[in-house]
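Worksheet: one structure, shown below.
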């Protein structure tokens, strides 16, 4: 019996090749999308799950506001972890990461290599996180200063010839003029890709040069390992006590502050919270994450869209099956007359749909296999098709054809098996096609989805275009950036001057700070008065720049003057932005004073600074953020040299600069980039979302059109008689095409009406992420609607014209 | 009015050529009522379709009202039959989804006649055939005779000079058939040229002339 089902199923598929091809191909595309998204989502959801203690590890997040912008940080003070461990038995262990020092220059042979994946960690790091050692004992590895734990691939990179052991060997780190050797005390397996931190070098925390014991400076990513069964929400309630007991007394040493209540009343904030480690990747919108975060919203959206696309393909199956029911009706009639039971027929049809789904799945896996590299590229992932065989996905994969077969096949099976044999055998089979409201609803659903995706795509790209063309207050074009200039040491000024002398370089500056999101940040507290109080102080970005920074970046002064060598004392001068002036409440800021702690004394003494100029506002962070306060102070050291370039031959210029670099900093790595590229990097995730949205939109439209094509084909077939009559009565080709197309186009229009408000709502939500954004105009909707209509029209008219030019005589014969 | 000169029609199946019509010469004057008779497969319907310009032929000439049909383009031919010819079918070929009224109205829509004018014309026709009360019914709600009546009304609506009827009574009982044939006679008396294909001697007798076909040839 089962064998018979399969035989008939295969024969039917083979007999209706065109129809089967539409179904299989459509389903395969839907399934391939599903597979890829499943891989992606599983990967996104798996972040940090590799830790055995994943359920009990929490990171401390800080929410601060001190008369400046709201700060949401992944970092807290150096004291918080150890204090909590001391005071609360629920804390089994704590560990800290200090990654503020950034890149490290590490010696290999006679050259130095810039290593970005480096951090200082506590010796407890390996107790909290599960990072298995290949050699050495990680529990004690970082107890001593000048020790380092490296990953397997780093060991291979630096000691390729040592197949045996690298324990006890040294990693030499250059810092200024000196080179410090760190002893390798353990080698761990590479940190998995799905970890929210990815380091190759873990140096001992004991080597960090820091003003230890400061409860108010937040510079450490701190993790708590809570004892199993601890309710972390309940534990968070201890934080106000901690603040009152430790942070407040510490702050009172240098700020006049009576109580936390007073602090809060003046609109300020100091709050801590715990974030489960497994939520960091997808849910964190805190600043200074160790790796770029994912976004749970995108996970939801992608999953939903993938599911939708699969449903679209299933709808094609349903629609085509019922639409061509006329053809199957006779078979059903004969089978019923021969005594076949309805449930047998249902089984037959379900086997057919499941076989179709299974074939589609095989093709889908092939498609996914070939598309995966492209997908990895777009999604910035390194997924492998082999992950499909993982324990989490494989059962789902095996069940998939049955689910899809049932989903797509049940309605047609019930519908077809319900035919009354007498009716169908009399030849009254026209009933099959017409008057199917469900089919109309399904077509509307398909096109509504497509139109929403088209709108989404247009909105995302309009916003990206807006970002590209918005006046930013600085000029991001033609600015060449040389990283790691600290390696030049004393030669730094010489380097700057030599490059400036090259033709095609109009100005240059040395400063670690760039007006893009992913560069250095430094928040400091300033006071309007010589004594710091909660009311007088403001927290803002403080950038150290040299005399040529404003010119090189193309910024403009709104009032006052830039730093200048003509005024010897600019070391106690300060520039602020227009926004800062407004926040400070200064109408005439030039000449007014601000007070800030001296560089090395902490907050105990304040130095007076005079405002000498106001810079026109410029966007130094992502356009997602509202402009915050910022000031600039004079400084001639920095890790980045930026040059405004006018030369057409930038390649030639870069190699010229590189040669200069080699003579001034022999053995030091040379790396360059352009400011506009770094600017674009800020919106990488939006670019990615845009690209994926385009792909989804194309797929959805394609599948919907595939279905529409099939429907029109069958409709034309069903209505040949009517078309014939109408032609004999004088209908032109145009009349017939209109006749066949207008119903479908009407459906597309209804779909547009449904899609518009949903898309409007969704895209407004998305775009609200941006503080600076486009207005979603009516035109976007009109364009998307027209595009869908046009695509549908082309699809439909192809078949409609074919039907319209057919000779009516054939269809009107009366035999 | 109609001049068929040496009409041949054939189909090629592999290397064989099967003739459907051989050397048909037929001349029909305005106001005639012709009955074409012959056994199944003798080519009656094909001749009718060729006269109606729905079907093509392979050889020689066809003149219709001084137009040389064999030299016309598809579009011109369509314009010609739209204007002068009405068709009646054995299976009525009404459009199931349209009411009686709408079925009759359809040819007028394709001739770009204005709504008000269409209304008047259809109303006239409904009146003339005594089916005003049925104008909002669908074909499935009518008897065969009534459906054919609607079919004829539809054929007449655009005032054709020629009516081509392919076994118009084939699906009707004798009483209904008789009514239809009487209607044809009346129309003929009003000046409409009629060509019908029929199997029945009795019906053929209504015509002014009978043409016999056998194996694609006219028998004399």
>> Looking only at the range B:114-134, filter to residues that are part of a loop (DSSP other than H, G, I, E, B) and surrounded by fewer than 17 Cβ atoms within 10 Å (Cβ to Cβ); which one of those is farthest from the chain's Cα centre (by Cα)?
In response: B:114
>> Here is a check on your reading of the model: is residue B:57 in contact with a strand residue (DSSP E or B) (Cβ under 8 Å, 6 or more places away or on another chain) and closer than 25 Å to residue B:120 by Cα?
In response: no
> Within the range A:709-723, is there a residue that is assigned to a loop (DSSP other than H, G, I, E, B), more than 49 Å from the chain's Cα centre (by Cα) and under 28 Å from residue A:442 (Cβ atoms)?
Replying inline: yes
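Can you tell me which residue among A:334, A:359 is modelled with pLDDT of 85 or more and part of a helix (DSSP H, G or I)?
Numbers: A:334 fails: modelled with pLDDT of 85 or more.
Answer to the selection: A:359.
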> Can you tell me which residues in the range A:607-635 are within 15 Å of residue A:516 (Cβ to Cβ) and surrounded by fewer than 19 Cβ atoms within 10 Å (Cβ to Cβ)?
Replying inline: A:622, A:624, A:625
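Per-residue answers, yes or no, for (1) touching a residue at least 24 places away in the same chain (Cβ under 8 Å); (2) buried (at least 20 other Cβ atoms within 10 Å of the Cβ):
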position	(1), (2)
A:15	no, no
A:20	yes, no
A:24	yes, yes
A:29	yes, yes
A:33	yes, yes
A:37	yes, yes
A:40	yes, yes
A:44	yes, yes
A:48	yes, yes
> Considering only residues of the range B:33-45 that are buried (at least 20 other Cβ atoms within 10 Å of the Cβ) and over 16 Å from residue B:184 (Cβ atoms), which is nearest to the other protein chains (Cβ to nearest Cβ)?
Replying inline: B:45
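Does residue B:75 satisfy being surrounded by fewer than 16 Cβ atoms within 10 Å (Cβ to Cβ) and within 14 Å of chain A (Cβ to nearest Cβ)?
On the way: surrounded by fewer than 16 Cβ atoms within 10 Å (Cβ to Cβ): yes; within 14 Å of chain A (Cβ to nearest Cβ): yes.
Against the criterion (surrounded by fewer than 16 Cβ atoms within 10 Å (Cβ to Cβ) and within 14 Å of chain A (Cβ to nearest Cβ)), residue B:75 qualifies.
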> Is the range A:600-615 home to any residue that is part of a loop (DSSP other than H, G, I, E, B) and modelled with pLDDT of 90 or more?
Replying inline: no
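Restricting attention to the range B:154-164, does a residue exist that is closer than 30 Å to residue B:41 by Cα, in contact (Cβ under 8 Å) with a residue 24 or more places away in the chain and more than 18 Å from the chain's Cα centre (by Cα)?
For the range B:154-164, residues closer than 30 Å to residue B:41 by Cα, in contact (Cβ under 8 Å) with a residue 24 or more places away in the chain and more than 18 Å from the chain's Cα centre (by Cα): absent.
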>> Can you pull out every residue in the range B:80-93 that is without any contact (Cβ under 8 Å) to a residue 40 or more places away in the chain and more than 9 Å from chain A (Cβ to nearest Cβ)?
In response: B:80
> Out of the range B:46-67, which residues are within 14 Å of chain A (Cβ to nearest Cβ), at pLDDT below 85 and more than 15 Å from residue B:163 (Cβ to Cβ)?
Replying inline: B:55, B:56
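So if I check each of B:168, B:139, which one is more than 17 Å from residue B:192 (Cα to Cα), surrounded by 15 or more Cβ atoms within 10 Å (Cβ to Cβ) and within 12 Å of another protein chain (Cβ to nearest Cβ)?
Values: B:168 fails: more than 17 Å from residue B:192 (Cα to Cα).
None of the others qualify; the one that does is B:139.
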>> Between A:695, A:748, A:701, A:737, which is assigned to a helix (DSSP H, G or I), within 14 Å of another protein chain (Cβ to nearest Cβ) and either farther than 30 Å from residue A:505 by Cβ or in contact with a strand residue (DSSP E or B) (Cβ under 6 Å, 6 or more places away or on another chain) (or both)?
In response: A:737
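Within the range A:561-586, which residues are in a loop (DSSP other than H, G, I, E, B) and either in contact with a strand residue (DSSP E or B) (Cβ under 7 Å, 6 or more places away or on another chain) or farther than 19 Å from residue A:617 by Cα (or both)? Let's see the steps before the verdict.
Going residue by residue through the range A:561-586, those that are in a loop (DSSP other than H, G, I, E, B) are A:561-569, A:585-586.
Correct list: A:561, A:562, A:563, A:564, A:565, A:566, A:567, A:568, A:569.
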> Among the residues of the range A:145-158, is there at least one that is touching a residue at least 24 places away in the same chain (Cβ under 8 Å) and on the phi > 0 side of the Ramachandran plot?
Replying inline: yes
> Looking at (1) within 30 Å of residue A:693 (Cα to Cα); (2) surrounded by fewer than 15 Cβ atoms within 10 Å (Cβ to Cβ); (3) touching a residue at least 24 places away in the same chain (Cβ under 8 Å), which is the only condition residue A:277 fails?
Replying inline: (2)
>> Quick test of your reading of the structure: residue A:543 fulfils all but one of (1) crowded, with 18+ Cβ neighbours inside 10 Å; (2) at pLDDT below 90. Name the failing condition by number.
In response: (2)
> What number of residues in the range A:445-466 are surrounded by fewer than 23 Cβ atoms within 10 Å (Cβ to Cβ) and either closer than 30 Å to residue A:555 by Cα or in contact with a strand residue (DSSP E or B) (Cβ under 9 Å, 6 or more places away or on another chain) (or both)?
Replying inline: 6
> Restricting to the range B:56-77, what's the tally of residues that are more than 17 Å from residue B:43 (Cα to Cα) and not in a strand (DSSP E or B)?
Replying inline: 11
> Given the conditions (1) away from chain A (no Cβ under 14 Å); (2) in a strand (DSSP E or B); (3) buried (at least 21 other Cβ atoms within 10 Å of the Cβ), and given that residue B:163 satisfies all but one, which numbered condition is not satisfied?
Replying inline: (1)
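Among residues belonging to the range B:94-112 that are within 11 Å of another protein chain (Cβ to nearest Cβ) and assigned to a loop (DSSP other than H, G, I, E, B), point out the one that is farthest from residue B:150 (Cα to Cα).
The first filter runs over the range B:94-112 and keeps only residues within 11 Å of another protein chain (Cβ to nearest Cβ), leaving B:94-98, B:103-112.
Next cut, assigned to a loop (DSSP other than H, G, I, E, B) only: B:94-98, B:111-112.
Values: B:94: 8, B:95: 11, B:96: 12, B:97: 14, B:98: 12, B:111: 19, B:112: 21 Å.
Per the criteria, the residue is B:112.
I'd like to check something: does the range A:643-656 contain any residue that is part of a helix (DSSP H, G or I), in contact (Cβ under 8 Å) with a residue 40 or more places away in the chain and within 22 Å of the chain's Cα centre (by Cα)? Let's see the steps before the verdict.
Residues of the range A:643-656 that are part of a helix (DSSP H, G or I), as a first pass: A:650-656.
Of the ones still in play, those that are also in contact (Cβ under 8 Å) with a residue 40 or more places away in the chain are A:650, A:653-654, A:656.
Cutting the leftovers down to within 22 Å of the chain's Cα centre (by Cα) gives us none.
The answer is no, given that none of the residues of the range A:643-656 is part of a helix (DSSP H, G or I), in contact (Cβ under 8 Å) with a residue 40 or more places away in the chain and within 22 Å of the chain's Cα centre (by Cα).
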> Residue check, residue A:687 against (1) under 21 Å from the mean Cα position of the chain (by Cα); (2) surrounded by 19 or more Cβ atoms within 10 Å (Cβ to Cβ); (3) modelled with pLDDT of 85 or more, all met but one. Which one?
Replying inline: (2)
> residue B:175 versus (1) within 14 Å of another protein chain (Cβ to nearest Cβ); (2) not in a strand (DSSP E or B): which is the lone unmet condition?
Replying inline: (1)
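Can you name every one of the strands (runs of 3 or more DSSP E) wholly within the range A:144-235 that holds 3 or more residues which are in contact with a strand residue (DSSP E or B) (Cβ under 7 Å, 6 or more places away or on another chain) and closer than 30 Å to residue A:66 by Cα? Before you say what the answer is, go through the steps one by one.
Working: elements: A:147-151, A:170-175, A:178-188, A:201-204, A:221-226.
Filter on the range A:144-235 gives A:221-226.
The values are calculated or read from the model by the stated rules, or taken from the named source; none is laboratory data. Just so it is clear, the structure is predicted and the values come from calculations on it, not from any experiment. Note that each Cβ is placed from the backbone with ideal geometry, even for glycine, and that neighbours are counted across all protein chains shown.
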